[in-house]
1. I need the full set of residues from segment 238-296 which are open to solvent by 80 Å² or more (accessible area, probe 1.4 Å) and under 31 Å from the mean Cα position of the chain (by Cα), in order please.
2. Just to check your reading of the model, which residue among Ile238, Ile234, Ile266 is of a type in the set (Val, Ile, Thr) and farther than 16 Å from Ala286 by Cβ?
3. Output the qualifying pairs, or none if there are none: Cβ atoms under 7 angstrom, residues six or more apart or on different chains, first residue in segment 178-206 and under 19 Å from Gly125 (Cβ atoms), second residue open to solvent by less than 50 Å² (accessible area, probe 1.4 Å) and charged (D, E, K, R).
4. Identify, by number, the condition in (1) part of a helix (DSSP H, G or I); (2) in contact with a Lys or Arg (Cβ under 9 Å, 6 or more places away or on another chain) that Ala53 doesn't meet.
5. Output the number of residues of segment 16-30 satisfying the condition of being under 15 Å from the mean Cα position of the chain (by Cα) and among the hydroxyl-bearing types (Ser, Thr, Tyr).
6. Would a scan of segment 50-63 turn up a residue that is under 21 Å from the mean Cα position of the chain (by Cα), buried (at least 19 other Cβ atoms within 10 Å of the Cβ) and within 22 Å of Met167 (Cα to Cα)?
7. Has segment 108-128 got at least one residue that is on the phi > 0 side of the Ramachandran plot and open to solvent by less than 50 Å² (accessible area, probe 1.4 Å)?
8. Taking interchain pairs and intrachain pairs at least six residues apart, which have beta carbon atoms under 6 angstrom, with the first residue in segment 129-144 and at positive phi and the second modelled with pLDDT of 85 or more and open to solvent by 10 Å² or more (accessible area, probe 1.4 Å)?
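The values are calculated or read from the model by the stated rules, or taken from the named source; none is laboratory data. Note that the structure is predicted; figures quoted are calculated from it, not measured. Here Cβ is always computed from backbone atoms with ideal geometry, including for glycine, and neighbour counts include all displayed protein chains. In case anyone asks, the SASA skips ligands and DNA or RNA and just uses the protein heavy atoms, side chains included. Shrake-Rupley method; radii C 1.70, N 1.55, O 1.52, S 1.80 Å.
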Amino acid sequence: MAEIKKSVWTHVKEYFLVTLGILLYVTGWSIFLVPNNLVGGGVSGVCSIIQYATGFKMGYSYFLINAVLLLAALAILGSSFGAKTVYAIVIASIGLNVLQGAIPQPIIEALALQNGKLMSTIMGGIMVGVGIGITMSVGGSTGGTDIIALIVGKYRNVSPGRMILAMDVVIILSSLLVPSYTSDGQLVGWADKITTVVYGLLLVTVNSYVLDLYLSGSRQSVQLFVLSRKHAEIADAITHDLHRGVTVLSGKGWYTKHEASVLMVITRKTDLNLMLRYIKMIDPDAFLSVSLVTGVYGKGFDTIKTGGFQPIPKKVEENAE
């Protein structure tokens, strides 16, 4: 029964985070980017170009384009990914249409238009980047180029932010080829379009940096060494209650000349506080050492992507000798 409750709670938490991420993503576009006729990357960038040229709302084109991309993602990334992403795309499609008319104009004037395009680009990029990061951290996606980045990331050790950045540059530059109109129907001149491209490149740079910063922070791991006379109890608690592996190392205190057992644990940084409380409840006098680690690969952590690399057959190695 406890496992069922835990599973339900996990799903609820994941969908709550997806909803929060999409809300930040859509709000960034609705308040800071669209009112300033700014162009971003990804499917949302394509949709913004379509809206500025034809008046066709972003939400509709966002849903149609992502529906096509999602069919490919379902076959490669699995149904769990697809369920969260379908939910995210539907919420984002509705939000991109609804929030543009729901947010009071005085708020947009005060936060975006009065602060200028540069500040709106930075603030919008931060909100969009954090929104995508929150959604991707629980296995979902806002769709579009995020789906492509996750597909590539399944087979290659490629930064999602850099993948998205490369595709976004192409989309932003393409905005020069399409006519653009402001909300009051005025045609945007070439000088303003070139400026918009520069702001767009700044936007995706901020977006990709914030995305990588968020993902690297949420996946950061720590290495913990524990010296305690109650090492067996602590090891059992970490293994059975926290479901983390424990390695017992033999040691010797040089000052006391006493033999000692040292516990080594690698865990996510987000789980560290809970683990420390567990240890201190068992042994308040335990000696602890915590350090940040990078590149943790194995069960429960990251996986090394070989990208289809095949080891050299043994017979070939023998012939080469």
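1. Result: His240, Asp241, His243, Lys269, Thr270, Asn273, Arg277, Leu292, Thr294.
2. The match here is Ile266.
3. Here the result reads Val204/Asp168, each pair linking segment 178-206 to a residue that is open to solvent by less than 50 Å² (accessible area, probe 1.4 Å) and charged (D, E, K, R).
4. (2)
5. The number of residues fulfilling the criteria is 2.
6. First, pick out the residues of segment 50-63 that are under 21 Å from the mean Cα position of the chain (by Cα): 62-63.
From what's left, buried (at least 19 other Cβ atoms within 10 Å of the Cβ): 62-63.
Subsequent filtering for residues that are within 22 Å of Met167 (Cα to Cα) retains 62-63.
Yes, that holds for at least one residue.
7. Kept after step one, since they are on the phi > 0 side of the Ramachandran plot, are these residues of segment 108-128: 116.
With open to solvent by less than 50 Å² (accessible area, probe 1.4 Å) added as a condition, the list becomes 116.
Yes - at least one qualifying residue is present in segment 108-128.
8. If the second residue must be modelled with pLDDT of 85 or more and open to solvent by 10 Å² or more (accessible area, probe 1.4 Å), the pairs left are Gly143/Val43; Gly144/Val43.
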